1. What strands (runs of 3 or more DSSP E) lie completely within the range 76-139 and have 1 or more residues being hydroxyl-bearing (Ser, Thr, Tyr), in contact with a strand residue (DSSP E or B) (Cβ under 8 Å, 6 or more places away or on another chain) and within 18 Å of Arg57 (Cβ to Cβ)?
2. For the subset of the range 8-22 comprising residues that are modelled with pLDDT of 90 or more and of a type in the set (D, E, K, R), which member is nearest to Asp63 (Cα to Cα)?
3. Could you name every one of the helices (runs of 4 or more DSSP H) located completely within the range 1-63 that has at least 3 residues being closer than 19 Å to Val77 by Cα?
4. Checking Glu152 against (1) charged (D, E, K, R); (2) surrounded by fewer than 16 Cβ atoms within 10 Å (Cβ to Cβ); (3) on the phi < 0 side of the Ramachandran plot, which test does it fail?
5. Working carefully through the options Asp63, Asp18, Asp78, find the one that is under 26 Å from Leu137 (Cβ atoms) and either more than 15 Å from the chain's Cα centre (by Cα) or without any contact (Cβ under 8 Å) to a residue 40 or more places away in the chain (or both).
6. Checking Val164 against (1) touching a Leu at 6+ places or on another chain (Cβ under 6 Å); (2) buried (at least 19 other Cβ atoms within 10 Å of the Cβ): exactly one of these is not met. Which one?
7. Before we move on, is Thr173 of a type in the set (Ser, Thr, Tyr), surrounded by fewer than 22 Cβ atoms within 10 Å (Cβ to Cβ) and modelled with pLDDT of 90 or more?
Amino acid sequence: MNEDRDRWNDRYASSTPDFTPNPLLAGALDAGIPEGPVLELACGRSGNALALAAAGRTVTAVDISDVALAQLRDEAVDRRLQDSIRTVEADVPAYLAADPARYALVMATRYWDAAAFEAACHAVADGGLLAWEALVLEPGEPDRPFRVPHGELGRRLPPGFEVVTETPGEHTTRLLARRARVRT
(Lines give C-alpha, C1' and ligand atoms only; values in the text may rest on other atoms or scores of the structure.)
Protein backbone atom coordinates (compact mmCIF):
# COMPACT_ATOMS: atom_id res chain seq x y z
CA MET A 1 0.00 0.00 0.00
CA ASN A 2 1.04 3.61 -0.54
CA GLU A 3 3.36 4.92 2.20
CA ASP A 4 1.73 8.37 2.19
CA ARG A 5 -1.76 6.86 2.46
CA ASP A 6 -0.65 4.66 5.38
CA ARG A 7 0.83 7.63 7.23
CA TRP A 8 -2.32 9.73 6.85
CA ASN A 9 -4.62 6.81 7.64
CA ASP A 10 -2.73 6.22 10.89
CA ARG A 11 -3.02 9.89 11.80
CA TYR A 12 -6.78 10.07 11.13
CA ALA A 13 -7.52 6.72 12.78
CA SER A 14 -5.73 7.73 15.98
CA SER A 15 -7.32 11.15 16.52
CA THR A 16 -10.79 12.44 17.29
CA PRO A 17 -12.51 13.86 14.20
CA ASP A 18 -12.73 17.65 14.07
CA PHE A 19 -14.94 19.15 11.40
CA THR A 20 -14.19 22.82 12.02
CA PRO A 21 -13.83 24.73 8.74
CA ASN A 22 -10.46 26.34 8.05
CA PRO A 23 -10.41 30.16 8.43
CA LEU A 24 -9.46 30.39 4.74
CA LEU A 25 -13.03 29.35 3.90
CA ALA A 26 -14.43 32.45 5.61
CA GLY A 27 -12.16 34.58 3.45
CA ALA A 28 -13.34 32.80 0.31
CA LEU A 29 -16.97 33.31 1.27
CA ASP A 30 -16.32 37.00 1.99
CA ALA A 31 -14.60 37.40 -1.39
CA GLY A 32 -17.65 35.91 -3.12
CA ILE A 33 -17.73 32.51 -4.72
CA PRO A 34 -19.62 32.42 -8.03
CA GLU A 35 -22.22 29.77 -8.75
CA GLY A 36 -20.85 26.37 -9.58
CA PRO A 37 -19.24 23.28 -8.11
CA VAL A 38 -16.40 23.31 -5.58
CA LEU A 39 -13.25 21.19 -5.47
CA GLU A 40 -11.32 20.65 -2.25
CA LEU A 41 -7.92 19.02 -2.53
CA ALA A 42 -6.10 17.13 0.24
CA CYS A 43 -9.33 17.65 2.16
CA GLY A 44 -8.88 15.22 5.05
CA ARG A 45 -12.05 15.13 7.15
CA SER A 46 -13.04 18.50 5.70
CA GLY A 47 -15.15 20.80 7.73
CA ASN A 48 -14.86 23.01 4.64
CA ALA A 49 -16.75 20.54 2.45
CA LEU A 50 -19.44 20.16 5.11
CA ALA A 51 -19.86 23.94 5.49
CA LEU A 52 -20.00 24.46 1.73
CA ALA A 53 -22.51 21.63 1.27
CA ALA A 54 -24.66 23.10 4.07
CA ALA A 55 -24.59 26.39 2.11
CA GLY A 56 -25.99 24.60 -0.94
CA ARG A 57 -22.77 23.86 -2.85
CA THR A 58 -21.88 20.64 -4.62
CA VAL A 59 -18.43 19.63 -3.41
CA THR A 60 -15.88 17.15 -4.71
CA ALA A 61 -13.53 16.27 -1.83
CA VAL A 62 -10.25 14.59 -2.80
CA ASP A 63 -7.81 12.95 -0.40
CA ILE A 64 -5.36 10.05 -0.33
CA SER A 65 -6.70 8.81 3.04
CA ASP A 66 -9.64 6.44 2.83
CA VAL A 67 -9.97 6.74 6.63
CA ALA A 68 -10.44 10.53 6.48
CA LEU A 69 -12.88 10.23 3.59
CA ALA A 70 -14.92 7.60 5.47
CA GLN A 71 -15.09 9.94 8.47
CA LEU A 72 -16.19 12.78 6.20
CA ARG A 73 -18.87 10.61 4.54
CA ASP A 74 -20.19 9.48 7.95
CA GLU A 75 -20.41 13.08 9.16
CA ALA A 76 -22.11 14.13 5.90
CA VAL A 77 -24.72 11.40 6.44
CA ASP A 78 -25.24 12.55 10.04
CA ARG A 79 -25.81 16.09 8.76
CA ARG A 80 -27.90 14.90 5.79
CA LEU A 81 -25.42 16.40 3.33
CA GLN A 82 -24.31 13.19 1.62
CA ASP A 83 -25.98 14.11 -1.67
CA SER A 84 -23.90 17.29 -1.92
CA ILE A 85 -20.45 15.82 -1.23
CA ARG A 86 -18.65 13.43 -3.55
CA THR A 87 -15.50 11.91 -2.06
CA VAL A 88 -12.63 10.78 -4.24
CA GLU A 89 -9.75 8.70 -2.90
CA ALA A 90 -6.77 9.79 -4.95
CA ASP A 91 -3.36 11.34 -4.79
CA VAL A 92 -4.02 15.02 -5.55
CA PRO A 93 -1.46 15.51 -8.36
CA ALA A 94 -2.78 12.44 -10.19
CA TYR A 95 -6.43 13.49 -9.77
CA LEU A 96 -6.00 16.97 -11.23
CA ALA A 97 -5.20 15.80 -14.74
CA ALA A 98 -8.81 16.30 -15.93
CA ASP A 99 -11.56 18.95 -15.75
CA PRO A 100 -9.80 22.24 -16.44
CA ALA A 101 -11.62 25.52 -15.72
CA ARG A 102 -14.69 23.91 -14.17
CA TYR A 103 -14.83 24.87 -10.49
CA ALA A 104 -16.17 28.05 -8.85
CA LEU A 105 -13.77 27.41 -5.96
CA VAL A 106 -10.68 25.23 -5.77
CA MET A 107 -9.41 24.94 -2.22
CA ALA A 108 -6.52 23.27 -0.43
CA THR A 109 -5.42 23.82 3.15
CA ARG A 110 -2.11 22.99 4.82
CA TYR A 111 -0.92 21.38 1.62
CA TRP A 112 1.84 22.10 -0.87
CA ASP A 113 2.80 20.43 -4.11
CA ALA A 114 3.98 22.68 -6.96
CA ALA A 115 2.48 20.53 -9.73
CA ALA A 116 -0.84 20.25 -7.87
CA PHE A 117 -0.93 24.03 -7.36
CA GLU A 118 -0.38 24.65 -11.06
CA ALA A 119 -3.05 22.12 -12.07
CA ALA A 120 -5.46 23.53 -9.47
CA CYS A 121 -5.13 26.98 -11.03
CA HIS A 122 -6.23 25.51 -14.35
CA ALA A 123 -9.25 23.88 -12.66
CA VAL A 124 -10.67 27.26 -11.56
CA ALA A 125 -13.53 28.52 -13.74
CA ASP A 126 -13.56 32.05 -15.14
CA GLY A 127 -14.44 34.39 -12.28
CA GLY A 128 -13.80 31.63 -9.75
CA LEU A 129 -11.55 31.56 -6.71
CA LEU A 130 -8.42 29.70 -5.76
CA ALA A 131 -8.07 29.40 -1.97
CA TRP A 132 -4.76 27.85 -0.94
CA GLU A 133 -2.97 27.50 2.38
CA ALA A 134 0.48 25.97 2.66
CA LEU A 135 2.89 25.48 5.52
CA VAL A 136 5.31 28.37 5.48
CA LEU A 137 9.05 28.18 5.07
CA GLU A 138 10.31 30.81 7.49
CA PRO A 139 13.03 33.26 6.34
CA GLY A 140 16.47 31.77 6.91
CA GLU A 141 15.07 28.28 7.40
CA PRO A 142 16.69 25.60 5.19
CA ASP A 143 14.52 24.23 2.39
CA ARG A 144 11.96 21.78 3.70
CA PRO A 145 9.64 19.65 1.59
CA PHE A 146 6.01 20.71 1.45
CA ARG A 147 6.73 24.28 2.60
CA VAL A 148 6.89 27.58 0.72
CA PRO A 149 8.00 31.07 1.71
CA HIS A 150 5.28 33.64 2.26
CA GLY A 151 4.48 35.33 -1.06
CA GLU A 152 5.46 32.32 -3.15
CA LEU A 153 1.86 31.27 -3.83
CA GLY A 154 1.05 34.61 -5.44
CA ARG A 155 4.26 34.53 -7.48
CA ARG A 156 3.32 31.12 -8.87
CA LEU A 157 -0.11 32.17 -10.16
CA PRO A 158 -0.43 31.89 -13.93
CA PRO A 159 -1.52 34.89 -16.01
CA GLY A 160 -5.19 35.72 -15.68
CA PHE A 161 -5.33 35.58 -11.87
CA GLU A 162 -5.53 38.51 -9.50
CA VAL A 163 -4.49 38.17 -5.86
CA VAL A 164 -7.41 39.02 -3.57
CA THR A 165 -5.39 38.50 -0.38
CA GLU A 166 -2.12 36.86 0.53
CA THR A 167 -1.60 36.70 4.27
CA PRO A 168 0.51 34.83 6.75
CA GLY A 169 -1.26 32.54 9.19
CA GLU A 170 0.22 30.76 12.18
CA HIS A 171 2.88 28.58 10.51
CA THR A 172 1.11 28.99 7.15
CA THR A 173 0.79 31.28 4.18
CA ARG A 174 -2.67 31.83 2.67
CA LEU A 175 -3.72 32.96 -0.77
CA LEU A 176 -7.07 33.93 -2.23
CA ALA A 177 -6.93 34.67 -5.95
CA ARG A 178 -9.63 35.23 -8.56
CA ARG A 179 -9.40 34.06 -12.13
CA ALA A 180 -10.39 36.76 -14.60
CA ARG A 181 -13.74 36.50 -16.28
CA VAL A 182 -13.42 36.00 -20.00
CA ARG A 183 -15.53 38.54 -21.87
CA THR A 184 -17.56 37.18 -24.74
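1. On the way: elements: 85-89, 103-108, 124-136.
Per the criteria, 85-89, 103-108.
2. Looking at residues that are modelled with pLDDT of 90 or more and of a type in the set (D, E, K, R), I get Arg11.
3. Working: elements: 3-13, 23-31, 47-54.
Passing ranges, in order: 47-54.
4. Status for Glu152: all satisfied but (2).
5. Details: Asp63 fails: either more than 15 Å from the chain's Cα centre (by Cα) or without any contact (Cβ under 8 Å) to a residue 40 or more places away in the chain (or both); Asp78 fails: under 26 Å from Leu137 (Cβ atoms).
It is Asp18.
6. For Val164, the failing item is (2).
7. Values: of a type in the set (Ser, Thr, Tyr): yes; surrounded by fewer than 22 Cβ atoms within 10 Å (Cβ to Cβ): no; modelled with pLDDT of 90 or more: yes.
So Thr173 does not fit the description; no.
Yes/no matrix, rows are residues, columns are (1) farther than 29 Å from Asn9 by Cα; (2) surrounded by fewer than 18 Cβ atoms within 10 Å (Cβ to Cβ); (3) among the small types (Gly, Ala, Ser); (4) in contact with a His (Cβ under 7 Å, 6 or more places away or on another chain):
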residue: Leu72; (1), (2), (3), (4): no, no, no, no
residue: Val88; (1), (2), (3), (4): no, yes, no, no
residue: Val124; (1), (2), (3), (4): no, no, no, no
residue: Pro159; (1), (2), (3), (4): yes, yes, no, no
residue: Pro168; (1), (2), (3), (4): no, yes, no, yes
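The values are calculated or read from the model by the stated rules, or taken from the named source; none is laboratory data. From a predicted model like this one, the values you see are computed outputs, not experimental measurements. No Cβ is skipped: glycine too gets one built from the backbone with ideal geometry, and neighbour counts run over all protein chains shown.
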